[in-house]
1. Give the nm distances, rounded to one decimal, from D:Pro131 to the matching residue in every other copy, measuring between label points 7 Å along Cα toward the beta carbon; shortest first.
2. Please give the FRET efficiency for A:Arg57 paired with A:Ser92, using the beta carbon to beta carbon distance and R0 = 25 Å, rounded to the nearest 0.05.
3. How far is helix B:32-48 tilted, in degrees, relative to the longest principal axis of the Cα atoms in chain B, given as a value from 0 to 90 rounded to the nearest 10?
4. Can you list residues from other chains, or at least 5 along the same chain, whose modelled amide H is less than 5 Å from the amide H of B:Phe119?
5. Could you pull the copy-to-copy label distances for B:Met142, with points set 7 Å along Cα to Cβ, in nm to one decimal and sorted shortest first?
6. In nm to one decimal, list the spacings between the A:Ala93 label point and its equivalents in the other copies, with label points set 7 Å along Cα to Cβ, shortest first.
7. What does the convex hull of the Cα atoms come to per residue for chain D, in Å³?
8. For the range D:34-103, what is the convex hull (Cα atoms) projected area averaged across all directions, in square nanometres?
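Read-outs: derived from the displayed coordinates by stated rules, not from any lab. Owing to the predicted nature of the structure, the values given are computational and were not obtained by experimental measurement. Cβ coordinates were reconstructed from backbone atoms using ideal geometry, including for glycine residues, and neighbour counts include every protein chain displayed.
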Protein chains: 4
Amino acid sequence: MSNAQAKKLTSVIRHQVPFFEVDAIQMVWHGNYVKYLELGREEFGRQFGLEYMYIFRNGYVVPVVDLHLSYKKNAHLDDVLRIETTYIPTESAKLMFEYAIWRESDNELILTATSTQLFVTNEGEFELSTPDFVRAWRAKWM
Amino acid sequence: MSNAQAKKLTSVIRHQVPFFEVDAIQMVWHGNYVKYLELGREEFGRQFGLEYMYIFRNGYVVPVVDLHLSYKKNAHLDDVLRIETTYIPTESAKLMFEYAIWRESDNELILTATSTQLFVTNEGEFELSTPDFVRAWRAKWM
Amino acid sequence: MSNAQAKKLTSVIRHQVPFFEVDAIQMVWHGNYVKYLELGREEFGRQFGLEYMYIFRNGYVVPVVDLHLSYKKNAHLDDVLRIETTYIPTESAKLMFEYAIWRESDNELILTATSTQLFVTNEGEFELSTPDFVRAWRAKWM
Amino acid sequence: MSNAQAKKLTSVIRHQVPFFEVDAIQMVWHGNYVKYLELGREEFGRQFGLEYMYIFRNGYVVPVVDLHLSYKKNAHLDDVLRIETTYIPTESAKLMFEYAIWRESDNELILTATSTQLFVTNEGEFELSTPDFVRAWRAKWM
């Protein structure tokens with residue numbers, strides 16, 4: 001799926017686990033990682049010019065249609081996590097990312113994940129061909 | 001603040017505490033009660049014809065501008081809570097509610113709260129006088 | 001992965017989408033479905049005697065180690081969703097479920113998902129062989 | 001309530017509003033501010049040596065028993081918020097804080113709030129007199 005010739009675009013953001021994200025068995029509740037992935041995508045957008053608002057102004061929203069999370073280790077209160085978000089090159093009308101979340105203190109791998117998003121017009125129609133602004137973005141960065 | 005002659009409008013909804021609402025010290029995380037109050041208001045809206053979508057179709061949104069929560073007892077995993085939402089009569093351009101949350105199994109009072117909402121037009125302006133549809137609603141129910 | 005001879009154990013629970021689960025593009029925020037899956041597993045536990053607290057009293061917690069969500073349609077404010085949770089038979093030391101979430105009003109399929117949980121002792125060790133209480137549960141229900 | 005002679009202890013932490021904290025009317029969902037207050041208290045704890053884990057190791061948890069939020073302006077996607085948390089001096093067996101949340105870009109005041117926490121022993125009993133470690137903390141900082 002990845003293109004060996006493509007540059008690998010990865011953003012990094014740190015997040016310290018607050019009390020309200022820890023569950024009754026003292027670990028980060030597994031559903032909170034979906035938030036961490038979104039924090040990762042938002043940082044990617046800021047760093048590489050692909051923010052939600054930029055996409056929205058181009059006439060699209062990009063709902064997640066597939067999400068796969070693989071939990072490796074537990075994270076705990078106050079852990080500082082490093083969320084790495086990497087763009088997966090594709091020619092199709094999708095946005096795909098892979099993620100790795102690490103604990104800073106001991107460099108343990110906590111979670112890996114992938115996500116797929118489709119382009120939906122502001123009128124609610126799925127876009128089957130890649131929007132022009134995305135082609136331009138790919139031409140610039142890939 | 002309450003009008004002794006007014007009918008007391010109260011709705012009731014039940015909610016069983018799921019695992020993801022319990023915190024690291026085995027009680028419902030205190031912030032989740034704000035969700036329970038919203039569940040209460042939504043049930044009130046369904047029962048008495050004041051749903052968010054009805055308000056929205058009348059040209060308004062009703063953001064919460066004041067919220068006061070008083071925690072009495074802890075609730076725990078699997079507790080069935082009874083959320084009582086009572087309309088506080090007022091002549092001003094506000095929606096005010098008071099809440100009591102009880103545990104069904106032992107009838108313990110878990111939390112009391114009050115909320116105040118203002119009317120904001122779909123253009124984002126605060127409405128200083130009570131909207132007509134609210135006057136009509138009050139005339140019907142009070 | 002499924003055992004053709006096994007009885008199919010499925011639980012059903014309904015959930016009406018509250019305002020606080022809807023995102024800025026007017027659909028259920030995609031991360032909230034992880035909560036819906038947990039609501040589904042909890043209902044399964046109540047119906048078939050496999051509650052978290054029962055597992056805990058037998059000396060284990062069951063963290064989710066793999067989660068795969070496939071989004072089919074958007075759900076919206078006030079939609080009543082039907083969450084179906086089906087036990088996936090396995091001989092190994094795991095709990096596996098598959099899920100289908102439907103909208104009641106038009107019977108649209110909103111999401112499918114699968115989850116895998118492992119057994120971890122209260123001392124924090126992964127259990128490599130199936131715990132006795134799980135063998136007993138399987139013998140009773142499968 | 002405040003002691004004019006006491007030093008004013010205030011911590012500051014910044015938080016950028018992610019997509020998942022914005023609601024269907026494009027503003028931060030009002031319940032998320034309870035999370036922001038907890039982020040504020042946690043930063044206060046780190047800066048002034050009063051972390052949850054420190055309190056816990058001294059034999060106590062500190063549940064919130066009263067919370068009052070006053071919403072001034074709406075915050076939106078990508079806003080950078082500055083959360084100021086100020087210790088309110090008291091002689092009684094409580095922890096009290098006041099909060100102000102500002103938007104960095106235009107220095108608008110978004111929310112003010114107060115919280116009260118009580119000391120509960122690890123055995124679940126309310127502590128009526130101020131714990132020794134809190135007296136020591138007050139002697140050091142006030």
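1. In ascending order, 3.1, 4.8, 5.2 nm.
2. After rounding, the FRET efficiency stands at 0.65.
3. Computed tilt is about 50 degrees.
4. So B:Phe119 has HN proximity to B:Glu127.
5. Going from nearest to farthest copy, the values are 4.5, 6.2, 6.4 nm.
6. Here the equivalent label points are 4.5, 4.8, 6.6 nm apart from this one.
7. Values: hull volume 16.9 nm³, N = 142.
Dividing the Cα hull volume of chain D by its residues yields 119 Å³.
8. For the range D:34-103, the mean projected area of the Cα convex hull comes to 5.5 nm².
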